[in-house]
Each structure stands twice: as C-alpha cells, then as structure tokens.
Amino acid sequence: MLGLKLATDPRWVNIVESNIEEILTDHAWCEQKAASNAIYIIVNNSEKEELVTEMTRIALEEMEHFQMVHTIIKEKGLVLGRERKDNYVNDLVKFAKKDGSRNDALVERLLFAAMIEARSCERFKVLSENIQDPELAKFYRDLMISEAGHYTTFLGFAKQYQENIKVDIRWKEWIAYESSIITKYGNQETVHG
C-alpha cells in the first residue's frame, strides 16, 4: 500500500529496545515536527479552506500523539530529552524541488510530508509486530493506522492541487530517492535512524 521499495529489517527493533528512552524522545519530537509541518502548510496556504481544515486536524492529532508519547515517557520513569536532528528528514529535504510556482511548492511539500508519513507508518508497523513490550506494541499499532491516514491525506491533496507537477510521476521519483537513502538508516534507536 505504501509503495516503499525497502522494508525495515525487524532486527532494528533490537536496537530500539536497547534504549527505549531514546526512541520515545525521538518519537515525541517527530510528532511535534509533524504538527509544525501541518501548521506551516496552513500558514502558507490559508486561502485553501479544505486544506486548512485537514491540516488543522492533523496538527492537533500530531500534538495529541506528542502528548501520548510524553505520557508513556513519564509513566516509565524516563525523561523527555532535547530535540534531536533527523538526518533522514534532512536527506529528504535535499531532494525537494526548490523552484517553481507557489502551488508547485505546496505540492512538493505535500509529497515530502507523505514520504515521511509512509516511512513512519512502516516503522511503526515493524515496532508493533516485534517489540516485546505489549503496551508499546499496541501503541505503535494504533499509531501505524493514524500515520497511514496522514500519508493518504497528504498524497490526496498533492494530486488535488497538481498543476505543473505530475504527482504520480513525481511520487515515483520520491519513492526511488527514498529507497536510495534508507539503506543508511535502521541502525539507531530513532524512528527514522
């Protein structure tokens, strides 16, 4: 469904389990950044009523996820660490086209967001199926479903607003690029690392 070319090796979960505080901290900040991205889209496209409505819903949902992760951190007696740099996302930023119209920039931003949501969804699936902690397994299963919804929302809006960019072609380029960089990741206790 997600179209990703390379699946995450389930052994990545062994790395995650070696430092639950790190994965949860990184995850919390990923949720905050996802909310910020939705707000960024709103700020730069306020005239698009349907888009603003959906991005508002996503921003609120992502902050709710942040709160849920923070609650788990507290319940486990852990501490929310400082925000982490996400090298995977930074690699994706390098691929995003920076030229074109304002509308082209919106479509590119939506595809960028869809790519992150697709990989996050895939990682949450791997976590839900392989992590030993039953509470975290259920938590990540529920979040996997939510991320899949975000992925389809972003991709759907990209198709809705396409003008100069042919979304189906550009999405295949995003998928190919992501498969070329994801091989560097999967060896750290972070959502995308």
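The values are calculated or read from the model by the stated rules, or taken from the named source; none is laboratory data. In this text the structure is predicted, and so the values were computed from the model without any measurement. Cβ sites come from the backbone with ideal geometry, for glycine too, and all protein chains shown count toward neighbours. We work out accessible area using only protein heavy atoms, side chains counted, and drop any ligands, DNA or RNA first. Shrake-Rupley method; radii C 1.70, N 1.55, O 1.52, S 1.80 Å.
Data overview
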item	result
Qualifying positions in the range 138-160 - open to solvent by 40 Å² or more (accessible area, probe 1.4 Å) and out of contact with any helix residue (DSSP H, G or I) (no Cβ under 7 Å at 6 or more places or on another chain)	Lys138, Asp142, Ile145, Thr152, Gln160
Residue list for the range 94-133, filter: loosely packed, with under 14 Cβ neighbours inside 10 Å, in contact (Cβ under 8 Å) with a residue 60 or more places away in the chain and over 17 Å from Leu2 (Cβ atoms)	Ser101, Gln132
Positions within the range 76-93 being in contact with a helix residue (DSSP H, G or I) (Cβ under 9 Å, 6 or more places away or on another chain), more than 15 Å from Gln32 (Cβ to Cβ) and either open to solvent by less than 20 Å² (accessible area, probe 1.4 Å) or assigned to a helix (DSSP H, G or I) (or both), in sequence order	Asn87, Tyr88, Asp91, Leu92, Val93
Boolean, Asp142 is of a type in the set (D, E, K, R), at pLDDT 95 or above and within 28 Å of Ile72 (Cβ to Cβ)	no
Residues of the range 2-16 classified as farther than 18 Å from Met144 by Cβ and either outside any loop (DSSP other than H, G, I, E, B) or in contact with a Cys (Cβ under 9 Å, 6 or more places away or on another chain) (or both), total	2
Tally, over the range 183-193, of residues that are open to solvent by 10 Å² or more (accessible area, probe 1.4 Å) and either among the β-branched types (Val, Ile, Thr) or touching a Ser or Thr at 6+ places or on another chain (Cβ under 6 Å) (or both)	3
Residue identified as free of Cβ contacts under 8 Å to residues at least 12 places away in the same chain, open to solvent by less than 50 Å² (accessible area, probe 1.4 Å) and touching a helix residue (DSSP H, G or I) at 6+ places or on another chain (Cβ under 6 Å) among Val69, Val52	Val52
Long-range neighbours under 8 Å by Cβ, at least six apart or interchain, first residue in contact (Cβ under 8 Å) with a residue 12 or more places away in the chain and closer than 15 Å to Ala118 by Cα within the range 179-190, second of a type in the set (Lys, Arg) and open to solvent by 20 Å² or more (accessible area, probe 1.4 Å)	Ser179/Lys5
Test: residue in the range 161-171 that is basic (Lys, Arg), open to solvent by 20 Å² or more (accessible area, probe 1.4 Å) and either in contact with an Asp or Glu (Cβ under 6 Å, 6 or more places away or on another chain) or assigned to a helix (DSSP H, G or I) (or both)	no
Set Glu108, Glu75, Glu129: member being acidic (Asp, Glu) and within 21 Å of Ile42 (Cβ to Cβ)	Glu108
Any hit, the range 18-40, residues being under 13 Å from the mean Cα position of the chain (by Cα), part of a helix (DSSP H, G or I), basic (Lys, Arg) and modelled with pLDDT of 95 or more	yes
